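Have a look at the structure below before the remarks.
No value in this document is a laboratory result; all are computed from the given coordinates. Here the structure is a predicted model, which is why all the values come from computation and not from measurement. Cβ placement follows ideal geometry from the backbone for every residue including glycine, while neighbour counts extend to all protein chains displayed.
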Amino acid sequence: MVDHTSTTPSGAEGRGPEARPFLRFRDDDPVGDPAVTVNAFLGQGNATAVRIEPGDDTRELLPHLDRVALVEVNFPTLGDGRGYSAARILREEGYTGELRAVGNVLVDQLAFMRRCGFDAFEPGEPLDAADVEAALGRFPHVYQQAADSAVPIWSLRHGKEAGARNG
Amino acid sequence: MYRYDQYDQAMVDARVEEFRDQCQRRLDGQLSEDQFKPLRLMNGLYLQLHAYMLRVAIPYGTLSGAQMHILADIADKYDRGYAHFTTRQNVQYNWIKLEDAGDILADLASREMHAIQTSGNCIRNISSDHFAGAAADEVCDPRPYAELLRQWSSFHPEFSYLPRKFKIAVIASPTDRAAMKLHDIGINLVRNNEGELGAAFYVGGGMGRTPMIAPQIREFVPLDQLITYAEACLRVYNRHGRRDNKYKARIKILVHELGADEYRRQVEAEFEHLLAQKIEPPFAELERLCEFFGDPGFENLAEAEIDRSDPEFALWVDRNTHPHKRPGYTSAVISLKPVGGIPGDATAAQMRLMADLATQYSFDECRVMHTQNIVLPHVRKADLHALWTKLDEAGLATPNLDQIDDIIACPGLDYCSLANARSIPVAQKISQRFAANGKGDTLGELKLKISGCINACGHHHAGHIGILGVDRKGVENYQLLLGGSEADDTSLAKITGPGFDEDGIVNAVETATDVYLANRADGERFLDTYRRIGMAPFKEALYG
């Protein structure tokens, strides 16, 4: 499990005034390369940034993860949740680069997206900083294991070690 | 019964505050209805024809007396003095003001209850056998496993924006009392040849406009892999379920289009992958949950003879009790289907009485059945007459469990914004008809289910007799279906032919029962006779 619980979110530092709203939970520098489609990425050996659309098979990227620095996952609509699985699969497969949710990203979805491994957000509409903080701090615990380092309630109940496997 | 610890309580309390905030933002105009809709739906708040409707989760249908009391208090304080028990073992309030929603959730949280994920395209309340922990035929109590699934599915970060809603049922006996194979996932706890407990997974059942019976996807999932396997089933669905058409988005369509074998192959591959992720809860958690559902201090009673000298009481005993695993005990069903009443409705006073009777006679526990009745699971046979007397005084002793007037009906066009036709008046007329003509008592087990639209909330596909309300050129029209079953002999009902108007459908139901009575062989239920003689004699009588 990768720890993506970076410190505090950073804004769009170093980006021009025309930059889109941007929220980032990583300490490294944002990747400047434009993200290409999965097909284009698989067809060209030097791309380092790729953009996943809901219908794409995330697992096609797995043989190439060592050269990926940025994965954008597009949420064209609020209700299309395929991107949550895409993100979590990438983290489960050991991807440690930037994982950025783009498109229809609302403040009410941020906590779930963080749990699925997203560490950067480029929403269509800007998010209010106070709302972001409130949304991410709302729930004191989690019930299940996901792609973040949060310890599920059932492991807290029995001591973290007991969470490893069955007794 | 399960009790919250500080973690469960903190999560539910946080949800109350979150939703209070969201409601306030809506009332202040900061949120548009479009923005608010997905948020309120995750909390069970629907905008219906006349008002907001709030659906409260009753996990696996189990309630304490105190919980039933708070449900009654909410009915009085925020609604019109009654509530409606649903086919998914939940409870609904039909006349809610948005201003009150936060306070209602806070009242619920004070009794370890909530409305989390009672709507929306997420994993809904987990349902189970209403006789769990009491039934003579169960392998184990299914509820610890349902509770584990409840916790796993609560605020699940990956599965909160599924293609469509997702319903899971867990049972643990060969007799299916929860329509298990008509759920997105049906889990049946079984023992393998080595005597170990595990879970058989059935995936892709459902009703709605395309009813399907779930095929078995895995014969035996070890208990220490239960959550991982469920996660694999859900992930395949979340990634590949159809999102281009709302009416083809349930998992049953995916399983049907892929075929059970290909769906199984994908799930098994995902399962292998997820096993390595170590997402399974510690086994100690399952052991902890099992302790909550241990036997509630039964007395060692001799098997008791019930005094049957009062014929009305004897009839109620025959119809409304179910065999218990312990000698001297029985499970008693409180019918919410009085003749001419609204199926599943109870007044606040009735709810308080049921709560107090549960406390007095059933170890402080009652259950909601998917057939919209209430069970007192653990009643001493010696107490049955006293219990029945109190129920009778409150109009709650109708002796009609699984009889023709024990009707499942959705709220229909009287409340629901999706409905095409009213369900409640049809149910009322049918129960009145069969009470008046005296035939009701001659029919034996006959499950009648009414839906006011093709979404099938009234389970018409699974009725021995089903009724489907449709809109025909602006007029309510009712189709008749025969031969469905939600039990372990699951089958889907077939339409007899052209539909009927409201009075016509009542006549048609009576005609169908006349065909049954004329053809019934010894001991046959309506369903058995229909299966033996087929549709033709019914069609002939209805349309000939």
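Grab the other residues whose beta carbon is less than 12 angstrom from that of B:Ala349, score K and R as +1, D and E as -1, and report the net.
Once all neighbours under 12 Å are counted, the net charge is -3.
Taking a ≥ b ≥ c as the square roots of the eigenvalues of the Cα gyration tensor of chain B, is the shape rounded (a/c under 1.5), prolate (a/b larger than b/c) or oblate?
Cα axes put chain B in the rounded bin.
B:Glu33 to A:Arg138: FRET efficiency via 1/(1 + (r/R0)^6), r the Cβ-Cβ distance, R0 25 Å, to the nearest 0.05?
Given R0 = 25 Å and the Cβ-Cβ separation, E is 0.65.
Amide H neighbours of B:Val190 under 5 Å, at least 5 residues apart or on other chains, H built in the peptide plane: list them.
B:Gly198, B:Ala199, B:Ala200
Using the C-alpha atoms of region B:394-544, what convex hull volume per residue, in cubic angstrom, is computed?
Hull volume normalised by residue count: 115 Å³.
Starting with the fewest neighbours, write out B:Thr511, B:Thr529, B:Thr442, B:Thr398 ranked by other beta-carbon atoms found within 10 Å of each beta-carbon.
Starting with the residue having the fewest Cβ neighbours, the order is B:Thr442, B:Thr511, B:Thr529, B:Thr398.
Please report the equivalent ellipsoid semi-axes of region B:311-393, computed as sqrt(5 x eigenvalue) of the Cα gyration tensor, largest first, in whole Å.
Value: 19, 14, 12 Å, ordered largest first.
Provide the per-residue ³J(HN,Hα) series for region A:127-143, in order, calculated from phi with Karplus coefficients 6.51, -1.76, 1.60 and θ = phi - 60°, each as a whole number of Hz, with x at glycine and proline positions.
9, 6, 4, 5, 5, 4, 4, 5, 5, 6, x, 5, 9, x, 9, 10, 9
Give me the compactness ratio for region A:23-139, meaning the Cα radius of gyration over 2.2 N^0.38 Å.
It is 1.02.
Under the Karplus relation 6.51 cos²θ - 1.76 cosθ + 1.60, θ = phi - 60°, what is the ordered set of whole-Hz ³J(HN,Hα) values for region B:412-427, x standing for Gly and Pro?
x, 5, 5, 10, 8, 7, 8, 5, 9, 8, 7, 9, 4, x, 5, 4
Provide the net charge surrounding A:Thr37, with neighbours chosen by a C-beta distance below 9 Å and charges set as Lys +1, Arg +1, Asp -1, Glu -1.
Charge balance in the 9 Å sphere: -1.
Give the percent of DSSP beta bridges with both residues in the protein assembly as shown that are antiparallel, rounded to the nearest 5.
Counting DSSP beta bridges with both partners in the protein assembly as shown, the antiparallel share is about 65 percent.
Compute the length gained on full extension between B:Leu418 and B:Ala521: take 0.36 nm times their separation in residues and subtract their Cα-Cα distance, giving the result in nm to one decimal.
Extra length available between B:Leu418 and B:Ala521 comes to 33.0 nm.
Using modelled backbone amide H atoms (1.01 Å from N, in-plane), which distant-in-sequence or interchain residues come within less than 5 Å of B:Gln216's amide H?
none
Any idea how far the Cα center of region B:238-308 sits from the one of region A:117-159, in Å?
After rounding, the separation between the Cα centres reads 26 Å.
Rg(Cα) of the protein assembly as shown divided by 2.2 N^0.38 Å?
Against the compact-globule rule of thumb, the ratio is 0.99.
Which order results if B:Tyr530, B:Tyr7 are arranged by neighbouring Cβ count within 10 Å, fewest first?
B:Tyr7, B:Tyr530
Local charge sum around B:Arg218 (other residues, Cβ-Cβ under 9 Å, Lys/Arg +1, Asp/Glu -1)?
Around B:Arg218, the surrounding residues sum to -1.
On a C-alpha basis, how far is the centre of region A:46-113 from the centre of region B:110-145 in Å? Whole number, if you could?
Going from one Cα centre to the other spans 34 Å.
Take B:Asp310, B:Asp141 and order them by how many other Cβ atoms sit within 10 Å, fewest up front.
B:Asp310, B:Asp141
So what's the gap between the Cα centers of region B:453-501 and region B:31-85, to the nearest angstrom?
Here the answer is 27 Å between Cα centres.
Please find the FRET efficiency linking B:Gln277 to B:Gln6, where r is the Cβ-Cβ separation and R0 is fixed at 35 Å, and quote it to the nearest 0.05.
FRET efficiency, B:Gln277 to B:Gln6: 0.80.
Longer than 32 Å from Cα to Cα, which of B:Lys77/B:Lys337; B:Lys325/B:Lys539; B:Lys246/B:Lys473 are they? Say none if no pair is.
Violating the 32 Å Cα-Cα cut-off are B:Lys325/B:Lys539.
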